[in-house]
Amino acid sequence: MYRNAELDSAPRLAILTIATRITFFATPLGLCGVAWSGRGIAGLQLPEITATATRRRLRMRFSDATVSETPPAIQDVVDSIVALLEGRRVDLARVALDMDGVAEFDRRVYEVTRAIPCGTTVSYGIVAARLGDPGASRAVGQALGRNPFPLIVPCHRVLSSDGSPGGFSAAGGATTKLRILAIEGAEAARQRSLFD
């Protein structure tokens, strides 16, 4: 797992000048991409309709990034993401994230969401309650809609209070969300498939 290995070995000044880098990798869902800096994972791109669209989307999000060889620490994260999408129980909660530019409320939502175990789901309202603001479920949904780290911050594990999938900003929307939940063996995905 990526735990800021670059931070531990690089002089402080060099850390400030490390540019964002990106790479792309195949998964059971299609081509994904990851961006990282010296502070951690800066973003994850789930598959778009085509591999070209996936590449374009990540490059738009990180226009100053360069495509790079994947260092071992980042390769560990990539391998864990692939394993998760192959149906293995993987805990991504310890992956270091580059939260530069992420609003404080969103950071808090992501911290709570990262604690949701693989294969389980909670509602937007439960996330809001865990934040100490039970009336903030809509704001929680908006924060998760902006999530630059899908899977690492498992926004797919957060559902509407009635058990419906709610929104999902990745290509395929709620269908993709349910597919990821099914891969994880979540009960919510099995129940939904009975009624679809």
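Read the figures in this text as sums done on the coordinates, not as results from a lab. Computed from a predicted structure; not experimentally measured. Here the Cβ positions follow ideal geometry from the backbone for every residue, glycine too, while neighbour counts run over all protein chains shown.
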Original post:
Taking only DSSP H segments of four or more residues, each worth -39500 (n - 2.57), what value at 222 nm results for the chain once the sum is divided by all its residues, to the nearest 500 deg cm²/dmol?
Top reply: -12000 deg cm²/dmol
Original post:
Within region 33-137, which trypsin sites (Lys or Arg not before Pro) sit in a loop by DSSP and count at most 12 neighbouring Cβ atoms inside 10 Å?
Top reply: ARG88, ARG89, ARG94
**OP:** Would you please give the FRET efficiency between PHE105 and GLU187, computed as 1/(1 + (r/R0)^6) with r the Cβ-Cβ distance and R0 = 30 Å, to the nearest 0.05?
**Re:** 0.55
Original post:
Based on the mean of other beta carbon atoms within 10 Å per residue, what is the order of 152-163, 71-82, most packed first?
Top reply: 152-163, 71-82
**OP:** Could you size up the charge dipole of region 104-195 around its Cα centre, putting +1 on the beta carbon of Lys and Arg and -1 on that of Asp and Glu, and report it in debye to the nearest 20?
**Re:** 140 debye
**OP:** Give, as ranges by residue number, the residues of region 22-42 whose backbone N falls under 17 Å from the point 7 Å along Cα→Cβ of GLU69.
**Re:** 22-24
**OP:** Compare the Cα positions of HIS156, SER123, ALA170 along the charge dipole of region 104-195 (+1 at Cβ of Lys, Arg; -1 at Cβ of Asp, Glu; about the Cα centre) and return the one farthest towards the positive end.
**Re:** ALA170
Subject >> Translational diffusion of the chain, µm² s⁻¹ [Kirkwood Rh, Cα pairs; Stokes-Einstein; 37 °C; 0.692 mPa s] >> reply: 191 µm²/s
Original post:
Hey, what angle do you get for helix 173-184 against the long axis of the chain, alpha-carbon based, 0 to 90 degrees rounded to 10?
Top reply: 90 degrees
Original post:
Can you give the convex hull volume of the alpha carbon atoms of region 104-195 per residue, in Å³?
Top reply: 81 Å³
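Quick check on region 70-157: take the gyration tensor over C-alpha atoms, sort the square-rooted eigenvalues as a ≥ b ≥ c, and tell me if it's rounded (a/c under 1.5), prolate or oblate.
Oblate.
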Subject >> Loop-resident sites, region 45-150, for GluC sites (Glu not before Pro), counting at most 15 other Cβ within 10 Å (DSSP) >> reply: GLU69, GLU86
Original post:
About its Cα centre, how strong a charge dipole does the chain have in debye, to the nearest 20, once Lys and Arg get +1 and Asp and Glu get -1 at the Cβ?
Top reply: 240 debye
Original post:
Taking Cα centroids, how far is region 36-50 from region 131-187 in Å?
Top reply: 18 Å
Original post:
What FRET efficiency comes out for the pair ASP162/ALA26, r = Cβ-Cβ distance, R0 = 45 Å, nearest 0.05?
Top reply: 0.80
